[in-house]
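Read the structure below first, then the notes.
The values are calculated or read from the model by the stated rules, or taken from the named source; none is laboratory data. Please read these numbers as outputs of a predicted model, since none were measured by experiment. Neighbour counts are summed over all protein chains in view; Cβ atoms, including those assigned to glycine, are modelled from backbone coordinates with ideal geometry.
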Amino acid sequence: MRAVAAQSVRRSRRRSEAILTSYCWPVRDSSRFRYALGVIGLDLNSLAVRDDSPFKTVKDLVAAAKAKPKTINVAITFPGGSAHQLIFRLEQLTGAKFNTVSFKSGTDAATAVLGGHVHATAENLGEVMPYVESGRLTLLGVPAIRRPAGLPNVPTLKEQGFDVHAGGFRGFVAPAGIPREVVAVWDATLAKVHKSAAWQEYMRRNMYEDVYMNAEEMTRWLASEQAEIARFLTEMGLAVKKEEKK
């Protein structure tokens with residue numbers, strides 16, 4: 001879904017015709033997104049297993065994926081998304097090798113864990129929390145900067161020895177050529193939305209991480225992430241490696 005939306009923005013002929021929302025990770029070439037408009041929250045990913053899983057910690061899951069590479073199945077949605085990148089970063093840090101399995105939605109990914117078809121899911125907290133609250137899924141950890149207020153007993157990945165921060169940014173980008181005055185309007189509007197009581201309550205209820213970037217800050221962030229995201233997409237076979245100029 002996000003990949004399709006990205007192409008829609010990039011192909012837009014009218015300067016303010018298309019706005020991309022729920023922007024998750026930067027595409028390989030963000031130069032066509034001349035104006036990033038801002039970020040107002042981070043929808044955290046998770047690592048969740050069935051309640052009767054033999055894996056009680058993230059270390060247990062990683063150890064199994066190291067002992068028997070490609071035998072630990074982890075449900076994600078689309079390849080290249082934040083859940084996929086969470087698993088990639090765990091592999092890079094530990095040498096473990098997971099087998100990611102794509103599903104049409106986060107709900108389908110969580111259901112696959114419940115049915116015993118996969119060992120775990122790395123999808124967003126919002127997708128797994130109904131099953132966590134009913135006792136059918138267990139959270140092994142969250143890739144957050146600090147423990148979410150609603151999950152005081154669930155350790156972050158960093159607390160468990162894995163310095164990984166992952167989630168889907170809730171933000172906006174526009175096609176190249178959008179008028180600067182339009183960017184300014186979006187900048188001011190998103191700042192207002194982020195501060196609003198309604199949005200703050202929404203983030204609290206859905207356990208979003210409170211992240212805000214204005215247009216300039218998001219632009220810098222996108223630029224800083226390009227090398228890493230290009231490496232990720234290339235190693236996952238989702239992008240063709242650019243040939244070096246001789």
Note to self: Being of a type in the set (A, V, I, L, M) and in the same structural domain as residue 199 (by TED's automatic domain parsing): is that true of residue 86 here?
What the structure shows: no
Check: Of the residues that make up region 131-138, is at least one touching a Leu at 6+ places or on another chain (Cβ under 8 Å) and closer than 20 Å to residue 41 by Cα?
Finding: no
Note to self: What pairs come out if I take residues in region 69-90 that are at pLDDT 95 or above and pair them with residues that are among the hydroxyl-bearing types (Ser, Thr, Tyr) and surrounded by 24 or more Cβ atoms within 10 Å (Cβ to Cβ) whose C-beta lies under 6 Å away, six or more apart or interchain?
What the structure shows: 75/121
Next item on the list: Spot the failing condition for residue 224; the list is (1) part of a helix (DSSP H, G or I); (2) buried (at least 20 other Cβ atoms within 10 Å of the Cβ), and only one is missed.
Entry: (2)
Notebook entry, point to check: Looking at (1) of a type outside the set (Lys, Arg); (2) outside the structural domain of residue 78 (by TED's automatic domain parsing); (3) assigned to a loop (DSSP other than H, G, I, E, B), which is the one condition that is false for residue 151?
Noted result: (2)
Margin query: Being among the hydroxyl-bearing types (Ser, Thr, Tyr), part of a loop (DSSP other than H, G, I, E, B) and modelled with pLDDT under 95 is the filter here; which residues of region 22-49 pass it?
Written below: 22, 23
Notebook entry, point to check: When the residues of region 128-160 are filtered to those that are buried (at least 18 other Cβ atoms within 10 Å of the Cβ) and of a type in the set (Ser, Thr, Tyr), which remaining residue is farthest from residue 87 (Cα to Cα)?
Noted result: 131
Next item on the list: Taking residue 196 as meeting all but one of (1) touching a residue at least 60 places away in the same chain (Cβ under 8 Å); (2) not assigned by TED's automatic domain parsing to the domain that holds residue 81, write down the number of the exception.
Entry: (1)
Check: Does residue 61 satisfy being out of contact with any Lys or Arg (no Cβ under 7 Å at 6 or more places or on another chain) and at pLDDT below 95?
Finding: no
